[in-house]
Amino acid sequence: MTDNNELLAFEATLEIIGINPFVFLPKPILTEILKRAEKDKGKIAVKGCINDHTNYRQTLLKYKGEWRLYINTTMLKNSPKRIGELLRILIGIDQEERIIPIHPKFKNALKENPLAEEVFNQLRPSLKLEIVKYISFLKTDSSVDRNVEKAINFLLGTGEFIGRKNLNSKSKQESE
C-alpha cells in the first residue's frame, strides 16, 4: 500500500493550450493521484516540486476531457517561454486546507453596504471565491481600492467586474 503523502515522480514536456502552459500526467501517475484523491472529477489540490528546486501548490484540473497540471510562472519562471522543455515533476495530494481570507477593505465595504453584502452572500460559492481571490491577490492599495469599488458596484448591479456584466442585467433577461 502506498503512502498518501508520498510524492510521485515523472517527467513531462511542457505544452500550452491558449495562453496556459501545462503538462499531462503519465497514466500510472494520474491513476494513483485519482485513487489517492478518491475522486475522478472536479478539482484536486496537489503539491510537489518542479526541476528539483521549485515547490508548488496547485490544482489539478480536467479540461476538455483531459487532466492537466497547469504550470504558472510562480511554479516555473518564464513558463510560457519554455514550451517544449522536459520537466522533472514531483506530485502528491495537498491535504492542507486552502483558505483565502476576504481582504479587509472588501470586508469593510460589504459591511458598509448591506445590500451588496446580501447579494454577495447569495452568490454561488465559485463566484464568491473568484471575487475574493481577485481582490486578495492585488498588490497595491490603489488597485485594491479601485477594485473593491468595482466589486461593490457589480454586486449592486451597476457595473462590470472580473470580466462579467452586472448581475441585474442577467436576472432581467432570465425573467423576461
Of the listed residues (Glu117, Glu97), the one being closer than 30 Å to Ile16 by Cα and out of contact with any Ser or Thr (no Cβ under 6 Å at 6 or more places or on another chain) is Glu97
Looking across the stretch 23-56 at residues that are touching a Lys or Arg at 6+ places or on another chain (Cβ under 7 Å), among the charged types (D, E, K, R) and in a loop (DSSP other than H, G, I, E, B), the single one that is least open to solvent (accessible area, probe 1.4 Å) is Asp52
Within the stretch 130-163, residues being open to solvent by 80 Å² or more (accessible area, probe 1.4 Å) and under 20 Å from the mean Cα position of the chain (by Cα) number 5
Screening Ala116, Ala9, Ala37 for residues that are within 30 Å of Leu167 (Cα to Cα) and in contact (Cβ under 8 Å) with a residue 40 or more places away in the chain leaves only Ala116
Inside the stretch 79-95, the number of residues satisfying the requirement of being under 21 Å from the mean Cα position of the chain (by Cα) and of a type in the set (A, V, I, L, M, F, W, C) is 4
Considering residues that are open to solvent by 80 Å² or more (accessible area, probe 1.4 Å) and farther than 19 Å from Asn5 by Cα, the number found within the stretch 57-91 is 9
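Within the stretch 92-120, can you find the residues that are of a type in the set (S, T, N, Q) and either under 30 Å from Leu155 (Cβ atoms) or open to solvent by less than 80 Å² (accessible area, probe 1.4 Å) (or both)? Lay out the reasoning, then the answer.
Applying the first criterion (of a type in the set (S, T, N, Q)) to the stretch 92-120 yields 95, 108, 113.
Matches in the stretch 92-120: Asn108, Asn113.
The values are calculated or read from the model by the stated rules, or taken from the named source; none is laboratory data. In this text, all values refer to a predicted model and were calculated from it rather than measured experimentally. Please note: Cβ atoms are built from the backbone with ideal geometry, for glycine as well, and neighbour counts cover all protein chains shown. Each accessible area value is taken on the protein alone, full model and side chains, heavy atoms only, with ligands, DNA and RNA left out. Shrake-Rupley method; radii C 1.70, N 1.55, O 1.52, S 1.80 Å.
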